[in-house]
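A short worksheet on the structure shown next.
The values are calculated or read from the model by the stated rules, or taken from the named source; none is laboratory data. Bear in mind the structure is a predicted one, so any value in this text is a computation, not a measurement. Please note: Cβ atoms are built from the backbone with ideal geometry, for glycine as well, and neighbour counts cover all protein chains shown. Note: areas computed on protein heavy atoms with side chains; ligands, DNA, RNA excluded. Shrake-Rupley method; radii C 1.70, N 1.55, O 1.52, S 1.80 Å.
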Amino acid sequence: MNRKFILLVEDNPDDELLIVRALRKNQIWNDVEVVRDGVAALDFLFATGPCCGRDPSDLPAVVLLDLRLPRMHGFQVLRRIRADTRTQDLPVIIITASWEVEDILSGYSLRADGYACKTASFSKFVNALGHLGLEGLLADEPSPAKVKALRKAHQEFSGEEQPIHLGMND
């Protein structure tokens with residue numbers, strides 16, 4: 001099974017620390033691979049350039065994408081991701097300092113899966129990340145709370161107390 005990791009495309013090391021800290025506050029402990037610009041992000045995803053020895057099928061579970069990047073703007077990166085059949089369905093969440101309505105609308109028109117503004121207060125940023133559903137994308141198995149809820153729903157529906165099987169060890 002491939003590891004479920006996050007690709008963070010962020011040129012500012014301080015913002016990288018902020019984002020990783022916000023992920024940890026949301027109990028997201030997956031590895032975070034960081035690239036510093038748009039070209040490096042595409043090289044990583046498509047195993048080209050300096051990343052040519054990387055397995056191109058080892059894709060991240062989600063890409064967290066800044067917009068204002070060196071060498072290639074985040075929207076150009078998102079366009080390339082959506083244009084390739086290998087990555088067209090890869091979850092991409094824009095994490096940027098921009099509150100501009102035009103940027104938000106452009107991101108969603110390019111099929112971004114979410115948008116969070118990192119210039120909000122830290123607690124609001126943590127809360128925003130928590131509402132993006134990242135834990136579902138990154139979990140290898142359903143959480144214990146989800147398993148319990150599924151079992152309860154099954155019991156109420158069927159009137160039985162036998163366990164349901166989710167393809168994991170109960």
Give Ser121, Ser98 a once-over and let me know the one that is open to solvent by less than 50 Å² (accessible area, probe 1.4 Å), among the polar types (S, T, N, Q) and modelled with pLDDT under 95.
Ser98
Against the definition (modelled with pLDDT of 90 or more and assigned to a loop (DSSP other than H, G, I, E, B)), how does Ala112 come out, yes or no?
yes
Checking Asp103 against (1) under 30 Å from Ser123 (Cβ atoms); (2) crowded, with 16+ Cβ neighbours inside 10 Å; (3) in contact with a helix residue (DSSP H, G or I) (Cβ under 6 Å, 6 or more places away or on another chain), the condition it does not meet:
(3)
Could you look through the stretch 97-112, keep only residues that are touching a strand residue (DSSP E or B) at 6+ places or on another chain (Cβ under 6 Å) and in contact (Cβ under 8 Å) with a residue 24 or more places away in the chain, and pick out the one that is nearest to Leu23 (Cα to Cα)?
Ala112
